[in-house]
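Q: I'd like to ask some things about the structure below.
The values are calculated or read from the model by the stated rules, or taken from the named source; none is laboratory data. All of these numbers come straight from a predicted model, not from anything done at the bench. Every residue, glycine among them, receives a Cβ derived from its backbone with ideal geometry; neighbour counts consider all protein chains shown.
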2 protein chains.
Amino acid sequence: MASSILSQRDLEFLLYEWLDVAALTTRPRFAEHSRETFDAFLQVSAQIAEREFATHNRRNDAEEPRFDGGRVHIIPEVKAALTAFNDTGLLAGSMDEAVGGLQLPHVVARACFAWFQAANIATSAYPLLTMANANLLLTHAAEEHVARFVEPMLEGRFTGTMCLSEPQAGSSLSDVTTRAVPAGDGSYRVTGSKMWISGGDHELSETIVHLVLARVTGAPAGVKGLSLFIVGKHLVGGDGRVGERNGVELAGLNHKMGFRGTTNAVLSFTDSEAYLVGEEGRGLAYMFQMMNEARIGVGAGAVALGYTGYLHALAYARERLQGRPVAGKDPVAPPVPIIRHPDVRRMLLASKTYVEGGLALVLYAAKLVDEQETGDAAEAALLLDVLTPIVKAWPAQWCLLANDHAIQVHGGYGYTREYPVEQFYRDNRLNPIHEGTDGIQGLDLLGRKVVMRDGAGLKLLVRTIREAAGRAPAEFAGYARLLEAGCERLAEVTAKLWSDGDPERALANSTAYLNAAGHLVIAWMWLEQATAAAGKPGPFYDGKRLAARYFFTHELPRTTAWFELLESGDTLLADLDDACL
Amino acid sequence: MASSILSQRDLEFLLYEWLDVAALTTRPRFAEHSRETFDAFLQVSAQIAEREFATHNRRNDAEEPRFDGGRVHIIPEVKAALTAFNDTGLLAGSMDEAVGGLQLPHVVARACFAWFQAANIATSAYPLLTMANANLLLTHAAEEHVARFVEPMLEGRFTGTMCLSEPQAGSSLSDVTTRAVPAGDGSYRVTGSKMWISGGDHELSETIVHLVLARVTGAPAGVKGLSLFIVGKHLVGGDGRVGERNGVELAGLNHKMGFRGTTNAVLSFTDSEAYLVGEEGRGLAYMFQMMNEARIGVGAGAVALGYTGYLHALAYARERLQGRPVAGKDPVAPPVPIIRHPDVRRMLLASKTYVEGGLALVLYAAKLVDEQETGDAAEAALLLDVLTPIVKAWPAQWCLLANDHAIQVHGGYGYTREYPVEQFYRDNRLNPIHEGTDGIQGLDLLGRKVVMRDGAGLKLLVRTIREAAGRAPAEFAGYARLLEAGCERLAEVTAKLWSDGDPERALANSTAYLNAAGHLVIAWMWLEQATAAAGKPGPFYDGKRLAARYFFTHELPRTTAWFELLESGDTLLADLDDACL
C-alpha cells in the first residue's frame, strides 16, 4: 500500500525524471554516490519516518512537553526517534566527509528530510535546527569552536538553536537589546531575554548550543550593531566534555496551537559564557545564512505537512461512501465514494497542485544550493536569493490550504482529534509566522530581492522561466504562453511600482506582489513537471498533466486580481487613517 | 473602553441607520416595543455576554466536557451562564407573547444573540439549538407536545437538539437508517445511531428534547421516507414532569479541534419512546425549517467569531510596538504600533470588510424573517430562500479568514494559547462543515435556489441589488456600476450553465459559483452601508467608506477568476479520471 506520509513515486519523478539528480554524481563532490546510494537513503528515511516518527506524532501533540519548574518532560518516543535519525548519518547528510558528513547533494538530503517532516514535524524540528546551526558554525566559527560544538552536534550528542527574537522584538531585529560584554579572555558574557526559541530547552541531548544575537557594549544601534555568539546551555570543555550549567535559564514554555511537540521557550541569559562567531557587527549577516537555510526548511516543512494531509484526504475520499452523483439521483442506488463528487475532487486536485508544486519548488531550490557549491555558483546563488521568500511563504500559505481542504474532505470527522488532519492544520499554521512572517517575505521580495543589483535577480528569474517555456512541447504551448505573459506582467509591474522611488508606496501591496510572483513560479513548476511527463503514459503521468491543467486554468487566473491591484497603483493601505479601522 | 466582543456602535448603525428597525414598531406585532426596549435588550446582552460568557470561554476550551462512562462533566460556569441567559427572556425573544415570548423582531433578537456567540460560541450553542428546536415544534407539533416539551424549553428547564446525521450518513440524509415502529398507542419506538449531535448529552437541563429523523416501517427509500420524532432523554409526563430515562444512551463524545465546550455526541436510540411531529414522510420538510434557521445561526456565529477576532487584532495592532515605517528606516527612531505597517492594515481592513459585511448580511436576512411574518411575506421568503446558502457559507469561509488574519497580526503570540485568537480560529473552523458543508451550500444555491420557480429567486435577488445600486449617491456611482455589471454576469452565467440541462456539468464548479455570488452579495452589503453613511462625518463613517472602497477595489476583483472559470464551461472536475489523483 502506498504511504500516507509522502509519495516515493513523486519524489523519484522529481529527482530523476525532472531534476536529473543522478547526473550530479559526475561531479567530484558526489563521485562516491550513485542513484543506488540516493535511493538507499530515501528508503531508509521513509522507513524510519514511518516507524519512529509518524508513530508518536499524535501523542506528542496530545501530551506536549511540560516544564515543572525543574526540568522539561518530553514523551520518550522523541528521544528514541532522534537516536534512530542520528543513526542514519543524515544529520551531516550534505556535509563534508571531513566532518563525518555523507556529501549527499542538498537536493537528495532535502528529499530525505521531507519524510521526517511529513511524519512528525515537531520531532523533526530538533535535527532541522541542529543542522542549520552546525552549517552556520562550519562556515563562520573558529576551528576550536567547530571541534567543541559542531562535531558533537553532528554526532547527535548536542542539539542547536537560533536565538534571535526577544519579547519586545519579533520581526524587528534592529531592536534586539541582549548585550554582550567582553570578559577579557576572548570570551564574552551575554545577558538578555530571548523569545520563541524552538528546541530552547529539553533533555534530549547532552547540552544545547544556542546561537545568540547580541549587542556588544558600545556597538551601534540597529542591525549593524549585532554580533553572533555561541552560548552553551552547559559549559563545554575543550575536549567536548559537558560541564556545569551556564547562565541560561528556562523562563517558561510557550503553549502553541500546534507544533506542540517542539519545545518553544523563553530563555533568560545572565552573564552567560559566550564565544563570538566570526567578527563583531557581522552577526546578522551570519545569521542570514542560517535563516535562509531555515526558510527553505520551513517551506519544505509546509509542503510536507500539506502533502501528508493531501494523501490522507485522498485515501479517505476513495473509501468513504456518501451520496450519489448529482445526475439521476436514485435513492436506492448504492452510495459512491466521495471522490466522485466534483467539489471533493476540486479540493483534492487543488491540494495536489499545491503540494506537488510546492515540493517541486523546494527541491528546485535545494538543487540550486548544490549548483551554488558545485556548478554555476554566481547564477545559482542569485536565483536562490530571489526565490527564497517564495520558497518560504508560498508553501506556508497554499500547502496550509491543502491541510484546510483535507479537514473539509473528511467532513465532521476531519474536525475531530480522532483523525490526524486537524493536527496537520494546526502544525502547519505556524509556518506563515516563523522565520519571517509571510508579510516580511513580501517586503523582502519586492523591497530587496527584485530590485537588488539593478534587478539582476528578477531578470534571471524571468529568463529562467522563459527558457522553461521555450522547452515545453507543443501540447503545452498554451501554458507556455500564459507563463510568458505572466513574466512580462511581473517585470512591468515591478518597474512601475518602483518608478517614483518611494518605498512606502511601492511596498503598499507587497503581499499581493508576493502572491502573484508565487503563483507564477508554481505555474512554472507545473510546466516543468508537465514537460518531464510529456509522452509518458499511465495514471501517474496523466495526473501530472491533469494537475498542470488545473493549475493553469483554475489557479493561475487568481493572479489577475493581484496584478490589477498592483498595476492600479492603489496606495490605500499606505495612506489610510488608522482611526477609521 | 470599547468592547472586544462586538461593536455596539456598528450594531446601532446597521439596525437603526441602515435597516431602520425602529420603524418596525409601527407594525402591530411589535407595537409594545420601541427603540428603547430594543436598546435595553442589546445592552443586557452585551453585559451578560461580557460577564458570564466571555469569562469562561477559554476554560471551557482547555477543560472540555468529558464523559466518564456515567455522566458528562462540564465546568460549572456553563450552567451559570445559561441561567443568566434564560433570565433575560431571550430564549423566547422573537416568539409570541402567548408562549411567554418577547415578540422582539428577529433582527433585534439576532443582534442580541450575536453578543453571546462572539463571547462564547460553545456555550451559546445550547440555547441556539434549543430555540431552533422550539421554533420547529411551535410550528409543526401537536398542542399537547408543545405544552409538554416546548414550554419547559422556553422556561430554560429543558434543552433541545437536532438528530439528523448518522455515522454512515453525514450530508446524505437519504441514507438515514434509524427506524421508527408504531407502538399502537399513537407513540413510536425509535432505534438507531445518530452522529454529531451538538448538546447531545449533558446535565445542564432537566432533560434533553431530541428531534430525530427516522424511517417508519414500510416507508419508501430516500428522503421522502423520513419522519420527524420527539424523543426525550427522559420520559416526560403530561404535566411536564421529568420521569425515568428513555432508551437514549450516550455512545461517546467527539473530541473536536475547537467548539470544544459544546458536547458533541454519538447517541444510541434503542426502542426509545417517540412522538411523531406532524405527518409521516414530512420529516425532512419540517427539519428544513430548523435547518434554515440553524444555517442563519451558523452564519451569525461565524460572523461573531470573526468579529471578535478582528477586534482583538485591532486592539493588539494599536498597542504592539514593532519596527518602523519602510521609508527612511532609522534604527534609533522609536518603534511604531504595528497598525502603521501596510500589510497589517491589509489584514485588518480585509477583516473589517468580512466581519462588518457579514454582520450586515446576517441582520439583513434576519429582517427578511420579520418581513416574512409581518410584511411582504412571499417576496421576503423567496429572497431569504435564495440568500440562505450564502448567509451560511460566506461568513463560514471569509470570517474564518478574519480569524486567520487575527492570528497573523498577533505574530507568534497569536499562535499561542495564551492569546484567545487561536481558539477563535479553531472554533470557527467548524462552521464550513456543519449544517451542510460549504460544498453542499454551493449545490443548493446553483442546483436549486437560482433555478427554482423558473429562476424567480435569482431574478428577485438581482432586482433587489439593482435597486440598491439605483439608490446609491453619486459619489458611489462607480461601485453601483460594478454591482450592476456583476449582477448581469451572474444572471448570464447561470443561464449558460443550465443551457444544456445537464446537472452534472452545470454543477461542476458550484463552489466557484457560490464564491462569486457571495462576494457580489457582500459588495451589495457594502454599497448599502456606504449609502447609509453618506454625508455623515467622523471616523466611524469614514471607516465604512474606507471599507467599502477596499471591498470594491481589493475584494470584488476576486470574482473575475470565478466568473471566467464558470463562463469557460470547464468541466474538468466532473469529467476527470479519479485514478490520476
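Q: Here are some residues: A:116, A:158. Which one is modelled with pLDDT of 95 or more and over 23 Å from residue A:365 (Cα atoms)?
A: Sole residue among the options that is modelled with pLDDT of 95 or more and over 23 Å from residue A:365 (Cα atoms): A:158.
Q: Could you pull out the residue among B:204, B:211, B:250 that is within 26 Å of residue B:88 (Cβ to Cβ), in contact with a Phe, Trp or Tyr (Cβ under 8 Å, 6 or more places away or on another chain), touching a residue at least 60 places away in the same chain (Cβ under 8 Å) and part of a strand (DSSP E or B)?
A: B:211
Residue by residue, here is whether (1) in a loop (DSSP other than H, G, I, E, B); (2) within 20 Å of residue B:36 (Cβ to Cβ) holds:
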| site | (1), (2) |
| --- | --- |
| B:79 | no, no |
| B:82 | no, no |
| B:101 | yes, yes |
| B:104 | yes, yes |
| B:107 | no, yes |
| B:117 | no, no |
| B:124 | no, no |
| B:128 | no, no |
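Q: Here are B:455, B:518, B:543: which of them is on the phi > 0 side of the Ramachandran plot and either touching a residue at least 12 places away in the same chain (Cβ under 8 Å) or in contact with a helix residue (DSSP H, G or I) (Cβ under 8 Å, 6 or more places away or on another chain) (or both)?
A: After ruling out the rest, the residue left standing is B:455.
Q: Here's another thing I want to ask about it. Residues to consider are A:435, A:422; find the one that is in contact (Cβ under 8 Å) with a residue 12 or more places away in the chain, outside any helix (DSSP H, G or I) and crowded, with 23+ Cβ neighbours inside 10 Å.
A: Unique residue meeting the criteria: A:435.
Q: Identify all residues within segment A:281-295 that are more than 17 Å from residue A:160 (Cβ to Cβ) and either free of Cβ contacts under 8 Å to residues at least 40 places away in the same chain or in a helix (DSSP H, G or I) (or both); write none if there are none.
A: Within segment A:281-295, A:284, A:285 meet the criteria.
Q: Residue check: is residue A:492 charged (D, E, K, R), assigned to a helix (DSSP H, G or I), more than 24 Å from the chain's Cα centre (by Cα) and within 19 Å of residue A:527 (Cα to Cα)?
A: no
Q: Considering each of B:561, B:533 in turn, give the residue that is facing chain A (nearest Cβ under 9 Å), touching a helix residue (DSSP H, G or I) at 6+ places or on another chain (Cβ under 8 Å), crowded, with 16+ Cβ neighbours inside 10 Å and of a type in the set (A, V, I, L, M, F, W, C).
A: Every option except B:561 fails the conditions.
Q: Have a look at A:326, A:303 and point out the one that is closer than 26 Å to residue A:381 by Cβ and either outside the structural domain of residue A:75 (by TED's automatic domain parsing) or without any contact (Cβ under 8 Å) to a residue 60 or more places away in the chain (or both).
A: A:303
Q: When you go through A:218, A:238, A:243 one by one, which is the residue that is on the phi > 0 side of the Ramachandran plot and either part of a loop (DSSP other than H, G, I, E, B) or not basic (Lys, Arg) (or both)?
A: Step by step, each of A:218, A:238, A:243 is checked, and only A:218 is on the phi > 0 side of the Ramachandran plot and either part of a loop (DSSP other than H, G, I, E, B) or not basic (Lys, Arg) (or both).
Q: If I filter segment B:470-477 for residues that are within 14 Å of chain A (Cβ to nearest Cβ), crowded, with 21+ Cβ neighbours inside 10 Å and assigned to a helix (DSSP H, G or I), do I get at least one hit?
A: no
Q: Please go through segment B:5-34 and give me each residue that is farther than 19 Å from residue B:96 by Cα, among the charged types (D, E, K, R) and part of a helix (DSSP H, G or I), ordered by number.
A: Hits for segment B:5-34 are B:9, B:10, B:12, B:17.
Q: Now for a different question. Condition first: surrounded by 15 or more Cβ atoms within 10 Å (Cβ to Cβ), within 14 Å of another protein chain (Cβ to nearest Cβ) and touching a residue at least 24 places away in the same chain (Cβ under 8 Å). Can you find one or more residues in segment A:175-184 that meet it?
A: yes
Q: So which of B:366, B:396 ends up being buried (at least 24 other Cβ atoms within 10 Å of the Cβ), under 23 Å from residue B:548 (Cα atoms) and within 11 Å of another protein chain (Cβ to nearest Cβ)?
A: When all the criteria are applied, what remains is B:396.
Q: Looking only at segment B:208-260, how many residues end up being in contact with a helix residue (DSSP H, G or I) (Cβ under 8 Å, 6 or more places away or on another chain), closer than 30 Å to residue B:66 by Cα and of a type in the set (D, E, K, R)?
A: The total comes to 2.
Q: In the set B:355, B:391, which member is β-branched (Val, Ile, Thr), farther than 18 Å from residue A:408 by Cβ and either touching a residue at least 60 places away in the same chain (Cβ under 8 Å) or outside any helix (DSSP H, G or I) (or both)?
A: On inspection, the qualifying residue turns out to be B:391.
Q: Considering each residue of segment B:215-229, count those that are more than 14 Å from residue B:279 (Cβ to Cβ) and more than 14 Å from chain A (Cβ to nearest Cβ), and give that number.
A: 2
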